[in-house]
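Okay, structure first, notes after.
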């Protein structure tokens, strides 16, 4: 099913459900003795409205990504699925090589050794992770001071540019002449604009996602920063994240 048909189908059934819920609510208003029924109908109607609004927002995000990719001639992007599909491929490869499912591997190789009680993979590798700020802070600490689980040479390789000179698009920030990445983490380098702070070192690396969450590690400042939300990445994040990073760096006397 192509994008247009998916959108029309999704919009049609969500709108139909919303209309039906509103009709039921109106019927309940006219019927005596159905106070509980009116409350239930109103809650269902609000839920249907929320589903419709969320669907439209997700579609707008997908369209904006497409327009941005065409504008900056980045034809490597995929739009049939949410961004991050490469992590799904990585998860499948990991399972094929080790014989252990990605969720089990994460639990055995990372969560249990570091005591990450709130962290788990409950869906696809690119978007199905759950964690707490405390758990992610532990991960950032291990990256800053490896040895408890990860060898320092492994962290160094993780934060090393793997394919120098490749251009690309940072979602929400446009085309970058040098869109450097390490092993699964984006490296700040000289990118501008960017989601880290202006005071972050070029060697700063990390990742951010659509759920309004990020983690970065600045090996020069010897600092890590974690933000965990359930608010979809939009302009608010672009406005808030860089000043937050710079404020944290200044507070620790590490602003470049």
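The values are calculated or read from the model by the stated rules, or taken from the named source; none is laboratory data. Just so it is clear, the model here is predicted, and its values are computed rather than measured. A quick note on method: Cβ atoms are made from the backbone with ideal geometry, for glycine too, and the neighbour counts reach across all protein chains shown.
What to note about this one:
- Whichever residue in segment 211-223 is crowded, with 18+ Cβ neighbours inside 10 Å and not in a strand (DSSP E or B) and, among such residues, is nearest to the chain's Cα centre (by Cα): 212
- Those residues of segment 162-183 which are under 21 Å from residue 143 (Cα atoms) and either in contact with a helix residue (DSSP H, G or I) (Cβ under 7 Å, 6 or more places away or on another chain) or modelled with pLDDT of 95 or more (or both), in sequence order: 182, 183
- Unique match (being without any contact (Cβ under 8 Å) to a residue 60 or more places away in the chain, in a loop (DSSP other than H, G, I, E, B) and within 27 Å of residue 57 (Cα to Cα)) among 193, 202: 193
- So residue 11, is it modelled with pLDDT of 75 or more, part of a helix (DSSP H, G or I) and more than 24 Å from residue 184 (Cα to Cα): no
- Where helices (runs of 4 or more DSSP H) fall entirely within segment 82-181, those with at least 2 residues that are assigned by TED's automatic domain parsing to the domain that holds residue 222 and closer than 29 Å to residue 242 by Cα are at 133-144, 152-158.
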